[in-house]
Structure formats: C-alpha cells, structure tokens
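Working notes for the structure below.
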Amino acid sequence: MINDKCESVSGGQEDIDPTERAPGSCKRLASHALVIAVCGGVVIGFGLGFALRQTHLSEDAMMWTGLPGEIFMRMLKVTILPVIVCSIIHGTATMDPRSHGRVSLLTLGFVFLANTVGSLTGILCYFIVRPSEGLVVEDVTQYTSVSTDIQPQDMFADLIRNIFPDNILTACFQKTQTRYDLISEFNSTNTRLSRSIGTAAGTNVLGVLFMSAVIGTASSTLGEKGKIVVDFFEAFSAIFIKMLTWFMWSTPVGVASLIAVSVARVVDIEDTFSSLGLLVVAFLTGIIFHQLVLYPVLLLTIFRMNPLYFYLKSAKAWMAVFGPPSSAIGIPEILRLCEEDFTVDKRVSRFVVPFGATESRIGSTHFIALSVLFLAGVQGVSLNPLQVFTIWILCSMSSLAVPAVPSASLVVVLIILTSVNVDSGAMGILFTLEWFTDRLRTTSNSMANIICTMTVDKLCKGKLEVVPTDKTQQPNVDSCDSDSDTDGTKSVLLKII
C-alpha cells in the first residue's frame, strides 16, 4: 500500500514538473530584474540629488521629493517586528534547548569577534592613511556640537536592563535608557545632575529577542499544546515575509527618493569631500578590506565557496540595506537568501539573522574607532598606546550597547572621546559625511550577518536535535510498555504514507 502511494505521488510529480518549470524561471528572472532596478534607483537617486542641489528647492518641495522614500520605509518597518518575533519563536521552538544554547553562544562569539575586528581595522586604517595630517581645527565652534551626559557604565547597565524587559508589550515600542536631569537644590541657585532610569522611543530589540527565545523554548517543552503556538507563529511569519516580498518591489523608487533627498540636503558637498578626502579614503579602505578581502577569505577557507557566487547571490540583500540605510530592513531578504540559496537550517537562521541585524556592527565599529582617532588628531591631541588600546576595547564593547538616539554611532564616538579626555567640539565634522558613511557601513554589517549565519549553521550541522512535533510529557520509566512502541510505529507509518 505504501509503495503504491509512493509511486502514485512520484508519478504525479513527474506529470506536473514540466508545468512548474516556467514559474521557477520567471521567478529567477524577476529576482535579477529587481536587483537591476534597484541599481538603477541608486544611480537615479544620486543623479537627481546632485541635480536638485542646483535648483535650491524649498523645504516643501524637498518633503514631497522624499515622501516616496518615507512611505517605503514605513511599509518595511511595520513588518520588521512581527518577522523578528515569529521567526525566533518558531526557530527556538523547533530546536532542542541544548542546541539552542550552542547556537546562541556561537552567534554571540562570532558577533563580538567581528565587532572587535571592525574596531581594529578602523585603528589600523587611521595610522596607515593619517587622515588628520594637515587638517587642524582651530575654531571648533563653527561645527554643530553634540552633547550627552551618558557614561560608558550607563550604556552597559541599559544593555542589561533591556535584555530583561519589565513589560512585553512596551518593549515593542520603548526601551530603557538612563538619563540625567538638572535638579535645583532646595532654597539654592545651585543645580546638580541627577541620574534616573527613563525610557526612549524605539523598539527594544534585545528584549524582544530574549522574550521570543524564551517563549519558543517553553513551547518546545509542552508537546501538542505548544505545537499549536508554533504552527501559529510559523504561519504568521510566512504571511509577513510574503508581504515584505511585495513591498520590496517598491525598493527602486524608495531608494532613489531617499538618496536624492540625502544628497540634496548636504551643504557644500564638494568642499566637504575635498577637505575630508583622506578621512573618506581611510573609511573606504576599511570597508573595501572587509568586503573584498576579509569576507572572501572566510568564504574560501570555511565554506570553499566562490566569493563571486556569494556576492551575486547577496546583491539584492546588499542593495536592500544600502538605500534606507538599515540592517533591520534587510532581515527578510537575508532570511530568504540563507535558507533558499545557502541552505541554512531554518532553526538557525530564524534566530541568528534577527540577532545579527541588531548586534553585528563590524562596519560601525570601524567607523567609530576611525572617527575617535581622527577627531583627536585634528585637535592636535596625541594619544599614547594605552589610550589607543582603550579606544579599541571601548569600540568593541560599546557596539553591543548603542543607545536609542539619532545618529547612534556618533553618540558612541562622543562617549569614547569623553573617556579618553578628548574635546568633542569638532564632532560636527562627522555629520557632513554621515549620509555617505552610514550606508556603506550598514552593507558591511549585513554581509557579516550573512556569513555569521552560514558559519553558525556549519558548526552546528548534525548537532541540532529536533524537537518532535508529537512530543508529549516525558513518561515515567515504569509506564513504558508495548503500547508506546505501537503508537510510535503507527506515527512512523503515518508519516511515510
């Protein structure tokens, strides 16, 4: 009976395979068409941005020019959180808790190592290129100043607090952040700074990741009761990923709009690049090293994979994070890429990709370390080896605890400058290049996320224990009898049929 059914199924597949080849071919062509269209959108965005600079558009006209990009970002952001939650719950629920611990440790280790390498390349690029030589800032007041009272210990304390949210719902739109308020002393004109624990707008991604992993792990221990929850989140994840694939077709228009407005708003872009040319060279040197040297070496040594094949497959993911720029925006495309093209186990990708999108910042740490040394150099501050080592450690650690404020990497730069006793008055220099550096460092972050996912999958291959979907409460030894064997045999036969 089983053989007959197997033959009928295989025969049916042979009959329908020829009719299914055309949709597959169309899908591949559509995928290449989208990549080409996004590349065209990038070119059009830069061209339109430079053209609009000559017309001196009003703020109203600038708003309407950037509106398509704003709508594009809003469509993507509304689906990111559901995808993260559903993916992690489903991934951890279908994985044995011991295997999940292994995946978590490997992911955290890879991310921290990558961030450490990123900050090291930033330091090396600074001392090789020497971008601050011949560029001395005498009057730092001409630049926009940035101030903050956040201390390094506050960042790490907030990191720990955010991992353990006190409310699951508020974690979706708020995160804990230390703040300092000016308090007037009683009957006195003196004021003092008072530290308090407040909240900041933005998703507490670490808290959401942690709670999703806990919910998924708990579901895996409940047998049939937990299976209902797992199936729900699996279907929910598929729905939102499908929505994102629809939204991605608006990427060319959205990217063109975002880039055009970013370029058009920059003041004296030509003078900026001419005066800060060596800083741009140092930054690009590190990014090129990451993407054209470090990543290919990892691909060849770990996976025996042709780097050209990797980048051709990853082109859409690269473009997806370049336009906004945001690592979270690329989560759906990176999930599809890892699972379909690189055959990564879904239980691994559904946890590693969202976590890596949040914490993998090899490009950002490169920028932070380079910026700290550059700002010290342009102000004539000579840093000793111990201070440089301190900058390296702070960059590597602080990448895991970036506060929820605009231009977060720049805030980390400010905090590290304070830690090594360097004036932050020239911080405004970095804002002139933020629109450019932010996009490129985000692409490095996302490519590292893909390689991290592939590496964790390879190291865990064959060691992941599957949680049976028909698992019930663990029976006592005394209750095991022939009935359990009969039920197990029936289950296997039903699966084969």
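Among the listed pairs K225/K463; K227/K458; K77/K463, which are separated by more than 32 Å between their Cα atoms?
On the way: K225/K463 26 Å; K227/K458 27 Å; K77/K463 35 Å.
Going by Cα-Cα distance, K77/K463 fall outside the 32 Å limit.
Under 5 Å between amide H atoms, partner at least 5 residues away or on a different chain: which partners does Q177 have, H built in plane at 1.01 Å?
G198, T199, A200
Could you tell me the calculated FRET efficiency between A235 and F431, based on Cβ-Cβ distance and R0 = 41 angstrom, to the nearest 0.05? It would help to have the intermediate numbers written out before the result.
Values: r = 44 Å, r/R0 = 1.08.
It comes to 0.40.
Tell me which of F436, F72, H56 sits at the most positive position along the dipole axis of segment 26-467, charges placed on C-beta atoms (Lys, Arg +1; Asp, Glu -1).
Sorting the options by dipole projection puts first F72.
Could you check the simple spin-label distance between A33 and E59, using points 7 Å along Cα→Cβ, in nm with one decimal?
4.1 nm
For I228 and V214, compute 0.36 nm times the residue count separating them, minus their Cα-Cα distance, and round to one decimal in nm.
3.4 nm
Mind giving me the nanometre distance, one decimal, between the label points for L182 and L105, set 7 Å out from Cα along Cα→Cβ?
5.0 nm
Whose amide H sits under 5 Å from the amide H of M95, counting only residues 5 or more places off or on another chain, with H placed in the peptide plane?
Those lying under 5 Å, H to H, from M95 are V467.
For segment 330-355 and segment 246-295, what is the centre-to-centre distance using only Cα atoms, to the nearest Å?
Segment 330-355 and segment 246-295 have Cα centres spaced 26 Å from each other.
Which whole-Hz ³J(HN,Hα) couplings does segment 430-440 yield from phi under the Karplus relation 6.51 cos²θ - 1.76 cosθ + 1.60, θ = phi - 60°, glycine and proline marked x?
5, 5, 5, 10, 4, 4, 8, 5, 4, 5, 6
Values in this text are rule-based calculations from the coordinates and carry no lab data. Small disclaimer: the values here were computed from a predicted structure and weren't measured. FYI the Cβ positions are ideal-geometry reconstructions off the backbone, even for glycines, and counts take in every protein chain you see.
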